[in-house]
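Data first, discussion second: the structure below is written as structure tokens.
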């Protein structure tokens, strides 16, 4: 099972160190093709997108009273709706819960209330267990017996350190897999937007970690051992200083603390896992809209041996270019059974759509 999530990480007793010789991605088209199949309109403020076999799940808010679930089949036909009340009682959720389907049960991770709720396939409440930590961006793996999750620690007033856990169920035995070195979150007292990011995908008992700051991809096993790393050569993208004020105003209209952008950005947005390999999506700037008139973005395609096979055109979807939103990790896309599902904001008709694309590798 392939699932994607945003990373922020810390291991055993030492940090993962990335040592890899720089290389180039071949400037040729890789044998990956996306064919548009269907789209349906979404009318609510969406929160999450999750695809599993023949099920596509979209969750949204409803005036802050309910978490609304829209369940589609694999052809985007609406199969059922369900409302979870926002609250603290049995079966209640908060608005930012993460869903995962495993062993015909829905696992819902409530990171604010620190608990894991289980529901049957029809969303009937089964049980709840107290979470030992804030299981941020959870991945259920290995027949529902293991959880991969991330967390972070503030160090001083302006530093943060990221780490990743392996949690074994049902006893919730935890093991730190690895951590990443501290980096500053502020410059001259201002919070840095989109300064550095880390992402990973889980595939066949391995974590594939993207270190955005130096475009390094690493394979890490379930004991936290670093097996392999590759680093891609790239040029940092300068930030137009005259636009910084406009960007801050556009993304965060009433910030509680002074915010700024760094003088440059890194050219990678995150990882999109597929069946035979994965795509590292490239960005050209802070703009969140696709610059390609046909609605495609460029990505670098790798197999799971970390061999770069060439360039790929991937359909644009919501948040793919948004630096401020990339911390939510999933980029509003999900992959299942050679089908790629995404949530897309169409500026021409000012509507939001759920789309299905067929992937050929």
Where the second residue is at pLDDT below 90 and in a loop (DSSP other than H, G, I, E, B) and the first is under 21 Å from residue 275 (Cβ atoms) and lies in the stretch 198-227, which pairs have Cβ atoms under 6 Å and are six or more apart or on separate chains? 203/2
In the stretch 242-267, how many are over 20 Å from residue 27 (Cα atoms) and either assigned to a loop (DSSP other than H, G, I, E, B) or modelled with pLDDT of 75 or more (or both)? 12
Do we have any residue at all in the stretch 219-231 that's under 20 Å from the mean Cα position of the chain (by Cα), in a loop (DSSP other than H, G, I, E, B) and modelled with pLDDT of 80 or more? yes
Go through the stretch 297-310 and report how many residues are more than 19 Å from the chain's Cα centre (by Cα) and surrounded by 15 or more Cβ atoms within 10 Å (Cβ to Cβ). 4
Any residue at all in the stretch 111-125 that's in a loop (DSSP other than H, G, I, E, B), modelled with pLDDT of 80 or more and within 30 Å of residue 302 (Cβ to Cβ)? no
Looking at 324, 239, which is the one that is touching a helix residue (DSSP H, G or I) at 6+ places or on another chain (Cβ under 7 Å) and either modelled with pLDDT under 65 or surrounded by fewer than 20 Cβ atoms within 10 Å (Cβ to Cβ) (or both)? 324
Selection within the stretch 22-52 - in a loop (DSSP other than H, G, I, E, B) and under 15 Å from residue 359 (Cβ atoms): 30, 31, 32
The condition from (1) modelled with pLDDT of 90 or more; (2) within 13 Å of residue 208 (Cβ to Cβ) that residue 270 misses is numbered (1)
Check residue 154 against each of (1) surrounded by fewer than 18 Cβ atoms within 10 Å (Cβ to Cβ); (2) at pLDDT 80 or above and name the one condition it does not meet. (2)
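Every residue, every condition in (1) closer than 30 Å to residue 56 by Cα; (2) more than 22 Å from the chain's Cα centre (by Cα); (3) surrounded by fewer than 13 Cβ atoms within 10 Å (Cβ to Cβ), yes or no:
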residue	(1), (2), (3)
114	yes, no, no
119	yes, yes, no
137	yes, no, no
147	yes, no, no
160	no, no, no
173	no, yes, yes
190	no, yes, no
Exactly one of (1) closer than 19 Å to residue 336 by Cα; (2) in contact (Cβ under 8 Å) with a residue 12 or more places away in the chain is unmet by residue 85. Its number? (1)
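The values are calculated or read from the model by the stated rules, or taken from the named source; none is laboratory data. Keep in mind it's a predicted model, so treat the numbers as computed, not measured. As a convention, Cβ positions derive from the backbone with ideal geometry for all residues, glycine included, and neighbour counts pool all protein chains shown.
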